[in-house]
1. Tell me, which residue of the range 52-69 that is at pLDDT below 75 and outside any strand (DSSP E or B) is farthest from the chain's Cα centre (by Cα)?
2. Restricting attention to the range 7-16, does a residue exist that is among the small types (Gly, Ala, Ser) and under 13 Å from the mean Cα position of the chain (by Cα)?
3. Please determine whether any residue of the range 16-27 is out of contact with any Ser or Thr (no Cβ under 7 Å at 6 or more places or on another chain), at positive phi and surrounded by fewer than 17 Cβ atoms within 10 Å (Cβ to Cβ).
4. Would you be able to tell me the number of residues in the range 70-86 that are surrounded by 12 or more Cβ atoms within 10 Å (Cβ to Cβ), under 12 Å from the mean Cα position of the chain (by Cα) and not in a strand (DSSP E or B)?
5. Given (1) touching a strand residue (DSSP E or B) at 6+ places or on another chain (Cβ under 8 Å); (2) surrounded by fewer than 10 Cβ atoms within 10 Å (Cβ to Cβ), identify the lone condition not met by Trp64.
Amino acid sequence: MAVQLVLLKSGEELIADVREIVDRDTQEQMSLVFIKPVKVTIAQRNILNEETNHPQNILNFEPWIPTSKDEEYFVDKNWVVTLCEPQEEIKDSYIQNVGVKDDSESFAIEDEPPVSDSGD
């Protein structure tokens with residue numbers, strides 16, 4: 001996936017680099033991973049943009065879980081109401097301020113044996 005707006009069952013609206021965890025055998029989506037998620041709230045509505053002469057909203061980004069040091073969160077797919085493409089200005093602001101790349105990449109869970117540290 002990529003940078004997406006996410007609406008959760010809790011009503012929170014997030015923007016994050018969203019990835020899927022897909023079962024390699026069945027290709028069924030098992031979970032979602034939110035990388036560097038932030039809550040999106042509107043700080044001020046319909047402020048007149050003097051350059052374009054059109055109203056715009058001023059957005060506020062704040063950490064989704066402010067007391068966590070993690071940047072990646074595994075989220076049950078059943079907690080997501082919808083995923084959608086953000087407006088370009090919102091996406092650009094997120095990428096610039098949060099520091100993520102916008103790329104489409106899914107990864108699958110692989111059944112590989114654990115690596116031994118014993119020096120065998």
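The values are calculated or read from the model by the stated rules, or taken from the named source; none is laboratory data. All values derive from a computational prediction rather than experimental measurement. Virtual Cβ from ideal backbone geometry, glycine too; neighbours counted across all protein chains shown.
1. Among those residues, the one meeting the criterion is Asn53.
2. Just the residues of the range 7-16 that are among the small types (Gly, Ala, Ser), to begin with: 10-11, 16.
Still in the list and also under 13 Å from the mean Cα position of the chain (by Cα): 16.
Taking every residue of the range 7-16 in turn, at least one turns out to be among the small types (Gly, Ala, Ser) and under 13 Å from the mean Cα position of the chain (by Cα).
3. If we filter the range 16-27 for residues that are out of contact with any Ser or Thr (no Cβ under 7 Å at 6 or more places or on another chain), which is where we start, we get 16-18, 23-27.
The next check asks that each one be at positive phi; those that pass are 27.
Now narrow it down to the ones that are surrounded by fewer than 17 Cβ atoms within 10 Å (Cβ to Cβ): 27.
Among the residues of the range 16-27, at least one is out of contact with any Ser or Thr (no Cβ under 7 Å at 6 or more places or on another chain), at positive phi and surrounded by fewer than 17 Cβ atoms within 10 Å (Cβ to Cβ), which makes the answer yes.
4. Selection size over the range 70-86: 2.
5. (2)
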